[in-house]
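Structure first, commentary second.
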Amino acid sequence: MSWVKSLKCRECGQEYEKTAKYVCEFCFGPLEAAYDYEKIKKDISREKIASRPLNIWRYRELLPVEGTTYNTLEEGYTPLIRADRLGKELGLSNLYIKNDCANPTHSFKDRVVAVASTRALELGFDTLACASTGNLANAVAAYGARGKLKRYVFIPSDLEKGKVIGSLIYDPNLIGVKGNYDDVNRLCSEIAGKYKWAFVNINMRPYYAEGSKTLAFETAEQLGWKAPDQVVVPVASGSLLTKIWKGTQEFIKVGLIPDKKMRVFAAQASGCSPVTTAYKAKTDTFRPVKPNTIAKSLAIGNPADGYYALKTISDTDGGAEMATDEEIVEGIKLLARTEGIFAETAGGVTVACLKKLAESGALNPKALTVAYITGTGLKTQEAVADHLKSVTVIQPNMEAFEAAHLVPA
Ligand SMILES: *Cc1c(COP(=O)(O)O)cnc(C)c1O
Ligand SMILES: [Zn+2]
(Lines give C-alpha, C1' and ligand atoms only; values in the text may rest on other atoms or scores of the structure.)
(Ligands and ions follow the chains in the order given, each with its own letter.)
Protein backbone atom coordinates (compact mmCIF):
# COMPACT_ATOMS: atom_id res chain seq x y z
CA MET A 1 0.00 0.00 0.00
CA SER A 2 2.86 2.33 0.75
CA TRP A 3 4.92 4.40 -1.64
CA VAL A 4 7.67 4.84 0.97
CA LYS A 5 10.61 2.51 0.49
CA SER A 6 12.64 3.15 3.61
CA LEU A 7 14.06 5.70 5.97
CA LYS A 8 17.29 6.94 4.45
CA CYS A 9 20.21 8.83 5.97
CA ARG A 10 20.47 12.31 4.49
CA GLU A 11 24.26 12.20 4.79
CA CYS A 12 25.54 8.72 3.89
CA GLY A 13 22.45 7.22 2.22
CA GLN A 14 22.25 4.17 4.54
CA GLU A 15 18.69 2.78 4.47
CA TYR A 16 16.61 1.63 7.44
CA GLU A 17 13.25 0.00 8.06
CA LYS A 18 10.27 2.30 8.54
CA THR A 19 10.25 2.25 12.35
CA ALA A 20 10.52 4.96 15.01
CA LYS A 21 14.12 5.76 14.20
CA TYR A 22 15.66 9.13 13.40
CA VAL A 23 19.47 9.03 13.42
CA CYS A 24 21.90 7.04 11.31
CA GLU A 25 23.88 4.42 13.22
CA PHE A 26 26.91 4.99 11.02
CA CYS A 27 27.25 8.75 10.69
CA PHE A 28 24.61 10.21 13.06
CA GLY A 29 22.97 11.98 10.13
CA PRO A 30 19.17 12.56 10.21
CA LEU A 31 16.89 9.98 8.57
CA GLU A 32 14.31 10.98 5.99
CA ALA A 33 11.47 9.12 4.24
CA ALA A 34 12.54 7.84 0.79
CA TYR A 35 9.85 7.23 -1.83
CA ASP A 36 9.41 5.18 -4.98
CA TYR A 37 8.86 8.14 -7.32
CA GLU A 38 8.52 5.96 -10.43
CA LYS A 39 5.59 4.18 -8.86
CA ILE A 40 4.09 7.42 -7.55
CA LYS A 41 4.35 8.98 -10.99
CA LYS A 42 2.22 6.13 -12.36
CA ASP A 43 -0.28 6.14 -9.49
CA ILE A 44 -0.91 9.88 -9.00
CA SER A 45 -2.66 12.44 -11.18
CA ARG A 46 -4.23 15.88 -10.84
CA GLU A 47 -7.67 14.35 -11.42
CA LYS A 48 -7.19 11.72 -8.74
CA ILE A 49 -6.09 14.32 -6.20
CA ALA A 50 -8.91 16.70 -7.12
CA SER A 51 -11.50 13.96 -6.57
CA ARG A 52 -10.49 13.42 -2.92
CA PRO A 53 -11.62 15.18 0.29
CA LEU A 54 -10.13 18.60 1.02
CA ASN A 55 -7.54 17.59 3.60
CA ILE A 56 -3.83 16.68 3.59
CA TRP A 57 -4.55 13.03 2.80
CA ARG A 58 -5.48 13.89 -0.79
CA TYR A 59 -1.68 13.74 -1.32
CA ARG A 60 -1.42 10.30 0.34
CA GLU A 61 1.04 8.87 -2.20
CA LEU A 62 3.62 11.41 -1.00
CA LEU A 63 3.06 10.90 2.74
CA PRO A 64 4.93 8.31 4.87
CA VAL A 65 2.12 6.08 6.14
CA GLU A 66 1.14 2.55 5.11
CA GLY A 67 -2.64 2.28 5.42
CA THR A 68 -5.66 4.44 4.66
CA THR A 69 -6.93 4.81 8.23
CA TYR A 70 -5.85 8.29 9.22
CA ASN A 71 -5.81 9.97 12.61
CA THR A 72 -7.35 13.13 11.24
CA LEU A 73 -9.32 16.22 12.24
CA GLU A 74 -9.62 17.29 8.58
CA GLU A 75 -6.39 19.30 8.71
CA GLY A 76 -5.13 21.12 5.67
CA TYR A 77 -6.53 22.61 2.49
CA THR A 78 -6.42 25.99 4.18
CA PRO A 79 -7.14 29.18 2.20
CA LEU A 80 -4.62 30.61 -0.24
CA ILE A 81 -5.77 34.18 -0.67
CA ARG A 82 -4.64 36.95 -2.95
CA ALA A 83 -3.21 39.76 -0.85
CA ASP A 84 -3.49 42.81 -3.08
CA ARG A 85 -3.82 45.38 -0.30
CA LEU A 86 -0.81 44.11 1.62
CA GLY A 87 1.03 43.69 -1.68
CA LYS A 88 0.34 47.31 -2.56
CA GLU A 89 1.76 48.55 0.76
CA LEU A 90 4.87 46.44 0.28
CA GLY A 91 5.35 46.99 -3.45
CA LEU A 92 4.66 43.35 -4.40
CA SER A 93 2.20 43.08 -7.27
CA ASN A 94 1.54 39.32 -7.18
CA LEU A 95 1.31 38.36 -3.52
CA TYR A 96 -0.60 35.50 -1.87
CA ILE A 97 -1.03 34.52 1.77
CA LYS A 98 -1.34 30.86 2.72
CA ASN A 99 -3.48 31.10 5.86
CA ASP A 100 -2.72 28.10 8.05
CA CYS A 101 -4.56 29.58 11.03
CA ALA A 102 -7.51 27.70 9.52
CA ASN A 103 -6.47 24.31 10.87
CA PRO A 104 -8.16 22.31 13.67
CA THR A 105 -5.86 23.64 16.43
CA HIS A 106 -5.14 26.82 14.47
CA SER A 107 -1.56 26.28 13.34
CA PHE A 108 0.33 24.35 10.68
CA LYS A 109 1.45 21.86 13.35
CA ASP A 110 -1.79 19.92 12.76
CA ARG A 111 -0.32 18.73 9.45
CA VAL A 112 2.83 17.27 10.97
CA VAL A 113 1.04 15.78 13.97
CA ALA A 114 -1.69 14.19 11.82
CA VAL A 115 1.05 12.35 9.92
CA ALA A 116 3.21 11.49 12.96
CA SER A 117 0.27 10.29 15.05
CA THR A 118 -1.14 8.20 12.19
CA ARG A 119 2.24 6.52 11.78
CA ALA A 120 2.55 6.09 15.58
CA LEU A 121 -0.76 4.23 15.60
CA GLU A 122 0.38 2.08 12.69
CA LEU A 123 3.56 1.19 14.60
CA GLY A 124 1.51 0.20 17.67
CA PHE A 125 2.43 3.01 20.06
CA ASP A 126 0.01 3.85 22.89
CA THR A 127 1.61 7.14 23.93
CA LEU A 128 2.14 10.34 21.95
CA ALA A 129 4.63 12.95 23.19
CA CYS A 130 6.50 16.06 22.08
CA ALA A 131 8.89 18.84 22.99
CA SER A 132 7.05 21.98 21.98
CA THR A 133 7.35 25.75 21.60
CA GLY A 134 3.55 25.93 21.96
CA ASN A 135 1.62 25.10 18.81
CA LEU A 136 2.93 21.56 18.67
CA ALA A 137 1.68 21.06 22.25
CA ASN A 138 -1.85 21.99 21.18
CA ALA A 139 -1.73 19.66 18.18
CA VAL A 140 -0.27 16.67 20.06
CA ALA A 141 -2.79 17.11 22.88
CA ALA A 142 -5.69 17.24 20.39
CA TYR A 143 -4.58 14.51 17.96
CA GLY A 144 -3.60 12.28 20.86
CA ALA A 145 -7.13 12.64 22.21
CA ARG A 146 -8.56 11.94 18.78
CA GLY A 147 -6.42 8.78 18.45
CA LYS A 148 -7.14 7.60 22.02
CA LEU A 149 -3.45 7.83 22.88
CA LYS A 150 -1.86 8.71 26.20
CA ARG A 151 -0.23 12.11 25.96
CA TYR A 152 2.90 13.67 27.48
CA VAL A 153 3.44 17.22 26.32
CA PHE A 154 6.58 19.15 27.33
CA ILE A 155 6.76 22.95 27.01
CA PRO A 156 8.89 25.79 28.37
CA SER A 157 7.12 26.91 31.58
CA ASP A 158 6.80 30.54 30.43
CA LEU A 159 4.50 29.98 27.40
CA GLU A 160 1.57 32.22 26.45
CA LYS A 161 -1.68 31.53 28.30
CA GLY A 162 -3.53 30.80 25.04
CA LYS A 163 -1.13 28.00 24.23
CA VAL A 164 -1.23 26.52 27.73
CA ILE A 165 -5.03 26.49 27.88
CA GLY A 166 -5.16 25.38 24.25
CA SER A 167 -3.27 22.26 25.35
CA LEU A 168 -4.84 21.63 28.78
CA ILE A 169 -8.34 21.56 27.34
CA TYR A 170 -7.56 18.18 25.70
CA ASP A 171 -6.42 16.78 29.08
CA PRO A 172 -2.83 15.70 28.34
CA ASN A 173 -0.05 15.39 30.89
CA LEU A 174 1.32 18.91 30.36
CA ILE A 175 4.81 19.42 31.77
CA GLY A 176 6.19 22.97 32.02
CA VAL A 177 9.98 22.77 32.09
CA LYS A 178 11.88 25.62 33.73
CA GLY A 179 14.06 26.49 30.78
CA ASN A 180 13.89 27.37 27.10
CA TYR A 181 12.86 25.09 24.22
CA ASP A 182 16.39 23.80 23.77
CA ASP A 183 16.39 22.67 27.42
CA VAL A 184 12.98 21.03 26.91
CA ASN A 185 14.23 19.26 23.80
CA ARG A 186 17.37 17.97 25.52
CA LEU A 187 15.28 16.53 28.36
CA CYS A 188 12.83 14.96 25.92
CA SER A 189 15.62 13.30 23.91
CA GLU A 190 16.68 11.64 27.15
CA ILE A 191 13.12 10.60 28.01
CA ALA A 192 12.61 9.27 24.47
CA GLY A 193 15.61 7.00 25.02
CA LYS A 194 14.10 5.52 28.16
CA TYR A 195 10.33 5.27 27.51
CA LYS A 196 8.70 3.61 24.53
CA TRP A 197 6.73 6.65 23.45
CA ALA A 198 6.17 8.19 20.05
CA PHE A 199 7.81 11.61 20.40
CA VAL A 200 6.46 13.26 17.28
CA ASN A 201 9.44 15.55 16.76
CA ILE A 202 12.18 13.24 18.09
CA ASN A 203 11.98 9.52 17.26
CA MET A 204 9.02 10.09 14.88
CA ARG A 205 10.67 13.10 13.24
CA PRO A 206 11.14 11.50 9.78
CA TYR A 207 7.33 11.04 9.56
CA TYR A 208 6.42 14.29 11.33
CA ALA A 209 8.57 16.42 9.04
CA GLU A 210 6.95 15.05 5.86
CA GLY A 211 3.61 16.52 6.94
CA SER A 212 4.93 20.01 6.20
CA LYS A 213 5.22 19.16 2.49
CA THR A 214 1.44 19.38 2.23
CA LEU A 215 1.72 23.17 2.53
CA ALA A 216 3.72 23.17 -0.71
CA PHE A 217 1.36 20.67 -2.38
CA GLU A 218 -1.72 22.72 -1.57
CA THR A 219 -0.09 25.96 -2.65
CA ALA A 220 0.75 24.47 -6.05
CA GLU A 221 -2.72 22.98 -6.49
CA GLN A 222 -4.46 26.20 -5.38
CA LEU A 223 -2.36 28.25 -7.80
CA GLY A 224 -3.74 26.13 -10.64
CA TRP A 225 -0.99 23.48 -10.60
CA LYS A 226 2.15 25.57 -10.56
CA ALA A 227 4.79 26.52 -8.02
CA PRO A 228 5.29 30.09 -6.76
CA ASP A 229 8.39 32.01 -7.92
CA GLN A 230 9.38 32.94 -4.38
CA VAL A 231 8.20 31.98 -0.89
CA VAL A 232 8.75 33.48 2.56
CA VAL A 233 8.70 30.92 5.38
CA PRO A 234 9.04 31.34 9.17
CA VAL A 235 11.86 29.27 10.63
CA ALA A 236 12.12 27.58 14.05
CA SER A 237 13.84 24.19 13.66
CA GLY A 238 14.06 24.78 9.89
CA SER A 239 12.01 21.70 9.04
CA LEU A 240 9.05 23.54 7.51
CA LEU A 241 11.28 25.56 5.19
CA THR A 242 13.18 22.53 3.90
CA LYS A 243 9.98 20.56 3.39
CA ILE A 244 8.21 23.30 1.45
CA TRP A 245 11.15 23.04 -0.92
CA LYS A 246 11.14 19.23 -0.94
CA GLY A 247 7.37 19.07 -1.54
CA THR A 248 7.65 21.42 -4.50
CA GLN A 249 10.48 19.37 -6.02
CA GLU A 250 8.44 16.18 -5.58
CA PHE A 251 5.45 17.65 -7.40
CA ILE A 252 7.80 18.51 -10.28
CA LYS A 253 9.43 15.05 -10.16
CA VAL A 254 6.15 13.13 -10.42
CA GLY A 255 4.90 15.37 -13.20
CA LEU A 256 2.09 17.24 -11.42
CA ILE A 257 3.53 20.71 -12.05
CA PRO A 258 6.02 22.18 -14.56
CA ASP A 259 9.63 22.62 -13.55
CA LYS A 260 10.46 26.03 -12.16
CA LYS A 261 13.19 27.74 -10.20
CA MET A 262 11.56 28.66 -6.87
CA ARG A 263 13.45 30.90 -4.45
CA VAL A 264 13.10 30.21 -0.72
CA PHE A 265 13.39 32.97 1.91
CA ALA A 266 13.61 32.50 5.69
CA ALA A 267 11.96 34.71 8.30
CA GLN A 268 13.23 34.76 11.88
CA ALA A 269 12.97 36.98 14.96
CA SER A 270 16.02 39.11 15.80
CA GLY A 271 15.86 37.64 19.30
CA CYS A 272 16.43 34.15 17.90
CA SER A 273 17.97 34.21 14.45
CA PRO A 274 20.64 31.51 14.14
CA VAL A 275 19.74 30.75 10.51
CA THR A 276 19.38 34.35 9.30
CA THR A 277 22.55 35.39 11.12
CA ALA A 278 24.54 32.56 9.51
CA TYR A 279 23.08 33.45 6.10
CA LYS A 280 24.05 37.10 6.46
CA ALA A 281 27.52 36.12 7.68
CA LYS A 282 27.84 33.83 4.60
CA THR A 283 28.79 30.77 6.64
CA ASP A 284 27.23 27.31 6.63
CA THR A 285 27.88 26.72 10.30
CA PHE A 286 25.67 28.50 12.76
CA ARG A 287 26.11 29.34 16.38
CA PRO A 288 23.32 28.28 18.78
CA VAL A 289 21.73 31.28 20.52
CA LYS A 290 19.75 31.90 23.70
CA PRO A 291 16.30 33.01 22.51
CA ASN A 292 14.80 36.29 23.67
CA THR A 293 11.79 37.20 21.53
CA ILE A 294 8.02 37.53 21.70
CA ALA A 295 7.86 35.01 18.81
CA LYS A 296 7.99 32.08 21.21
CA SER A 297 6.80 29.57 18.61
CA LEU A 298 9.99 30.27 16.65
CA ALA A 299 12.30 30.39 19.68
CA ILE A 300 14.63 27.49 18.91
CA GLY A 301 18.21 28.54 19.53
CA ASN A 302 19.77 25.33 18.22
CA PRO A 303 17.65 24.36 15.19
CA ALA A 304 17.76 20.66 14.26
CA ASP A 305 17.39 21.38 10.54
CA GLY A 306 19.21 24.71 10.56
CA TYR A 307 22.02 23.40 8.36
CA TYR A 308 19.58 22.07 5.74
CA ALA A 309 17.51 25.25 5.87
CA LEU A 310 20.63 27.29 5.12
CA LYS A 311 21.52 24.95 2.28
CA THR A 312 18.01 25.27 0.79
CA ILE A 313 18.21 29.06 0.96
CA SER A 314 21.57 29.16 -0.84
CA ASP A 315 20.73 26.38 -3.35
CA THR A 316 17.60 28.27 -4.42
CA ASP A 317 19.24 31.69 -4.53
CA GLY A 318 16.87 32.79 -1.78
CA GLY A 319 17.59 34.88 1.29
CA ALA A 320 16.84 35.50 4.96
CA GLU A 321 15.68 38.33 7.17
CA MET A 322 14.94 38.97 10.83
CA ALA A 323 12.48 41.17 12.71
CA THR A 324 12.64 42.91 16.08
CA ASP A 325 9.80 42.53 18.60
CA GLU A 326 8.52 45.96 17.62
CA GLU A 327 8.53 45.03 13.93
CA ILE A 328 6.75 41.76 14.74
CA VAL A 329 3.89 43.64 16.41
CA GLU A 330 3.73 46.04 13.45
CA GLY A 331 3.69 43.04 11.09
CA ILE A 332 0.75 41.45 12.92
CA LYS A 333 -1.18 44.74 12.80
CA LEU A 334 -0.33 45.36 9.14
CA LEU A 335 -1.61 41.94 8.06
CA ALA A 336 -4.81 42.35 10.07
CA ARG A 337 -5.46 45.87 8.79
CA THR A 338 -4.78 45.10 5.12
CA GLU A 339 -6.05 41.54 4.71
CA GLY A 340 -8.27 40.74 7.69
CA ILE A 341 -6.06 37.97 9.08
CA PHE A 342 -5.07 37.91 12.76
CA ALA A 343 -1.78 36.02 12.93
CA GLU A 344 0.29 35.01 15.90
CA THR A 345 3.78 36.37 16.53
CA ALA A 346 5.33 33.97 13.97
CA GLY A 347 3.03 35.53 11.36
CA GLY A 348 4.24 38.96 12.47
CA VAL A 349 7.78 37.73 11.83
CA THR A 350 6.81 36.55 8.33
CA VAL A 351 5.09 39.80 7.38
CA ALA A 352 7.85 41.99 8.87
CA CYS A 353 10.51 40.00 6.99
CA LEU A 354 8.41 40.03 3.80
CA LYS A 355 8.39 43.83 4.09
CA LYS A 356 12.16 44.05 4.62
CA LEU A 357 12.90 41.61 1.79
CA ALA A 358 10.67 43.66 -0.53
CA GLU A 359 12.27 46.96 0.54
CA SER A 360 15.82 45.67 0.11
CA GLY A 361 15.08 44.37 -3.38
CA ALA A 362 15.82 40.78 -2.38
CA LEU A 363 12.35 39.80 -3.59
CA ASN A 364 11.33 40.35 -7.21
CA PRO A 365 8.40 42.82 -6.90
CA LYS A 366 6.47 41.31 -9.85
CA ALA A 367 7.06 37.63 -9.18
CA LEU A 368 4.42 35.24 -7.84
CA THR A 369 5.08 35.39 -4.11
CA VAL A 370 3.59 33.28 -1.32
CA ALA A 371 4.00 34.16 2.37
CA TYR A 372 3.18 31.45 4.90
CA ILE A 373 1.09 32.49 7.91
CA THR A 374 1.43 29.50 10.22
CA GLY A 375 -0.62 30.23 13.36
CA THR A 376 -3.43 32.31 14.82
CA GLY A 377 -3.17 35.51 16.84
CA LEU A 378 -5.81 34.38 19.32
CA LYS A 379 -3.11 32.28 21.00
CA THR A 380 -0.65 35.15 21.49
CA GLN A 381 -2.93 38.03 22.45
CA GLU A 382 -0.55 39.38 25.08
CA ALA A 383 1.92 40.29 22.32
CA VAL A 384 -0.40 42.93 20.84
CA ALA A 385 -2.81 43.75 23.69
CA ASP A 386 -0.95 46.93 24.73
CA HIS A 387 -0.50 48.13 21.15
CA LEU A 388 -4.15 48.55 20.12
CA LYS A 389 -6.76 51.31 20.25
CA SER A 390 -9.10 50.94 23.22
CA VAL A 391 -12.82 50.20 23.20
CA THR A 392 -15.14 53.23 23.09
CA VAL A 393 -17.59 52.63 25.94
CA ILE A 394 -20.91 54.51 25.80
CA GLN A 395 -24.37 54.63 27.38
CA PRO A 396 -27.01 52.78 25.30
CA ASN A 397 -28.48 55.82 23.53
CA MET A 398 -28.07 57.88 20.33
CA GLU A 399 -26.79 61.01 22.07
CA ALA A 400 -24.00 59.08 23.71
CA PHE A 401 -23.05 57.45 20.39
CA GLU A 402 -22.96 60.74 18.54
CA ALA A 403 -21.16 62.50 21.38
CA ALA A 404 -18.33 59.97 20.96
CA HIS A 405 -17.60 61.48 17.47
CA LEU A 406 -16.85 58.18 15.78
CA VAL A 407 -18.57 59.19 12.51
CA PRO A 408 -16.82 61.86 10.43
CA ALA A 409 -18.97 65.03 10.24
C1 LIG B 1 6.64 25.39 14.66
C2 LIG B 1 6.26 26.64 13.97
C3 LIG B 1 6.96 27.13 12.85
C4 LIG B 1 8.28 26.61 12.33
O5 LIG B 1 8.46 25.27 12.28
P6 LIG B 1 9.84 24.53 12.02
O7 LIG B 1 9.46 23.43 11.13
O8 LIG B 1 10.30 24.03 13.36
O9 LIG B 1 10.82 25.48 11.42
C10 LIG B 1 6.45 28.24 12.20
N11 LIG B 1 5.33 28.85 12.63
C12 LIG B 1 4.64 28.42 13.70
C13 LIG B 1 3.43 29.17 14.12
C14 LIG B 1 5.06 27.29 14.40
O15 LIG B 1 4.37 26.88 15.47
ZN1 LIG C 1 24.41 8.04 7.71
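The values are calculated or read from the model by the stated rules, or taken from the named source; none is laboratory data. On a predicted model such as this, the values are computed, not experimentally measured, just so you know. We place every Cβ from the backbone using ideal geometry, glycine too, and count neighbours over all the protein chains shown.
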Residue in the stretch 331-354 that is farthest from the chain's Cα centre (by Cα), counting only those that are surrounded by fewer than 24 Cβ atoms within 10 Å (Cβ to Cβ), assigned to a helix (DSSP H, G or I) and touching a residue at least 40 places away in the same chain (Cβ under 8 Å)
THR338
Among the candidates TYR59, TYR77, residue that is outside any loop (DSSP other than H, G, I, E, B) and either in contact with a Gly (Cβ under 8 Å, 6 or more places away or on another chain) or under 30 Å from LYS311 (Cβ atoms) (or both)
TYR59
Being more than 17 Å from the chain's Cα centre (by Cα), assigned to a loop (DSSP other than H, G, I, E, B) and under 16 Å from ILE294 (Cβ atoms) is the filter here, so list the residues in the stretch 355-393 that pass it.
VAL384, LEU388
Residue that is part of a helix (DSSP H, G or I) and either over 30 Å from ALA367 (Cβ atoms) or without any contact (Cβ under 8 Å) to a residue 40 or more places away in the chain (or both), where the choices are VAL115, VAL65:
VAL115
Can you tell me which residue in the stretch 310-330 is farthest from GLN249 (Cα to Cα), limited to those that are under 19 Å from the mean Cα position of the chain (by Cα) and assigned to a helix (DSSP H, G or I)?
ILE328
So, in the stretch 99-117, of the ones that are of a type outside the set (A, V, I, L, M, F, W, C) and surrounded by fewer than 24 Cβ atoms within 10 Å (Cβ to Cβ), which residue ends up nearest to GLY166 (Cα to Cα)?
HIS106
Taking the stretch 46-56 and the residues there that are free of Cβ contacts under 8 Å to residues at least 12 places away in the same chain and in a loop (DSSP other than H, G, I, E, B), the one that is nearest to PRO206 (Cα to Cα) would be ARG52
Look through the stretch 235-281, keep the residues that are among the basic types (Lys, Arg) and free of Cβ contacts under 8 Å to residues at least 40 places away in the same chain, and return whichever of them is surrounded by the most Cβ atoms within 10 Å (Cβ to Cβ).
LYS243
Any residue in the stretch 380-409 that is closer than 30 Å to THR133 by Cα sitting within a Cβ distance under 8 Å of a residue that is assigned to a loop (DSSP other than H, G, I, E, B)? List the pairs, counting only those 6 or more apart or interchain.
THR380/GLU160; THR380/ILE294; THR380/GLU344; GLN381/GLU160; GLU382/GLU160; ALA383/GLU160; ALA383/ILE294; ALA383/GLU344
For the stretch 19-31 the number of residues that are in contact with a Pro (Cβ under 7 Å, 6 or more places away or on another chain) and away from ligand 2 (no atom under 11 Å from the Cβ) is 1
Of residues in the stretch 1-34 being without any contact (Cβ under 8 Å) to a residue 24 or more places away in the chain and not in a loop (DSSP other than H, G, I, E, B), the one surrounded by the most Cβ atoms within 10 Å (Cβ to Cβ)
CYS9
Determine if the stretch 83-98 includes at least one residue that is assigned to a loop (DSSP other than H, G, I, E, B), within 26 Å of TYR170 (Cβ to Cβ) and more than 16 Å from ligand 2 (Cβ to nearest atom).
no
Within the stretch 20-35, residues away from ligand 1 (no atom under 16 Å from the Cβ) and either within 24 Å of the chain's Cα centre (by Cα) or among the aromatic types (Phe, Trp, Tyr) (or both) come out as ALA20, LYS21, VAL23, PHE26, PHE28, GLY29, LEU31, ALA34, TYR35
Mind checking whether some residue in the stretch 146-153 is within 16 Å of LYS379 (Cα to Cα) and either assigned to a loop (DSSP other than H, G, I, E, B) or modelled with pLDDT of 95 or more (or both)?
no
Looking at LEU73, LEU54, LEU63, which is the one that is away from ligand 2 (no atom under 16 Å from the Cβ), modelled with pLDDT of 95 or more, within 27 Å of LYS148 (Cα to Cα) and surrounded by fewer than 14 Cβ atoms within 10 Å (Cβ to Cβ)?
LEU54
Could you run through the stretch 179-232 and say how many residues are touching a Gly at 6+ places or on another chain (Cβ under 8 Å), assigned to a loop (DSSP other than H, G, I, E, B) and hydroxyl-bearing (Ser, Thr, Tyr)?
1
